[in-house]
Amino acid sequence: MYIRIQQQSIRYRITREEAENLLNGDVLLDALPLEELKSLSYSVEATEGLNKFEYSESNHSMSLKINLQALQKEVAERPSKQGIAFTHQISETKSIRVSLEVDLKRKRNA
């Protein structure tokens, strides 16, 4: 799983194998060490609910929940370049674009 944070967007990118794992009920979880005792963790989970992004300042974590049916459709219909995208509202005037892309070319690191 890869994450790209750029301007007003966060893009999660996963392999087809990771997408299949999500469809089977697994949660993808990774972390980036920032200091000796602190890290930024991030996860992706497929759920029955709506697409949702959450950030926890206390846990230094980003959580992405993707609608299971949308992910099934994305995998079945050959993933699109834009992936599954939605707007996460921060305030009345600020928002970010969050997306999940399935990369068919890249193999998962061993």
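Every number in this text was worked out from the coordinates using simple rules, so none of it is lab data. Source: prediction; values computed, not measured. In this analysis, Cβ positions are derived from the backbone assuming ideal geometry, glycine residues included, and neighbour counts consider all displayed protein chains.
Where both partners of a DSSP beta bridge lie in region 2-103, what percent of those bridges are antiparallel, to the nearest 5?
Of all bridge pairs located within region 2-103, approximately 60 percent are antiparallel.
Does a label point 7 Å from the Cα of Thr47, set along Cα-to-beta-carbon, have any residues of region 3-33 with amide nitrogen under 15 Å, and which are they?
25-28
Scan the chain and hand back the longest stretch that contains none of the GluC sites (Glu not before Pro) lying in DSSP loops with at most 12 other Cβ atoms within 10 Å.
In short, 1-34.
Under a crude label model (7 Å from the Cα following the beta-carbon direction), how far is Ser9 from Leu40 in nanometres?
Those two pseudo-labels are separated by 1.7 nm.
Among the lysines in region 2-103, how many pairs, 8 or more places apart or on different chains, have alpha carbons under 26 Å apart?
11
What percent do you get for the relative contact order of the chain when only Cα pairs under 8 Å and 6+ apart count?
It rounds to 29 percent for the chain.
If you filter the chain for trypsin sites (Lys or Arg not before Pro), then keep DSSP loop positions with at most 10 other Cβ within 10 Å, what is left?
Those satisfying the criteria are Lys38, Lys81, Lys94, Lys105, Lys107.
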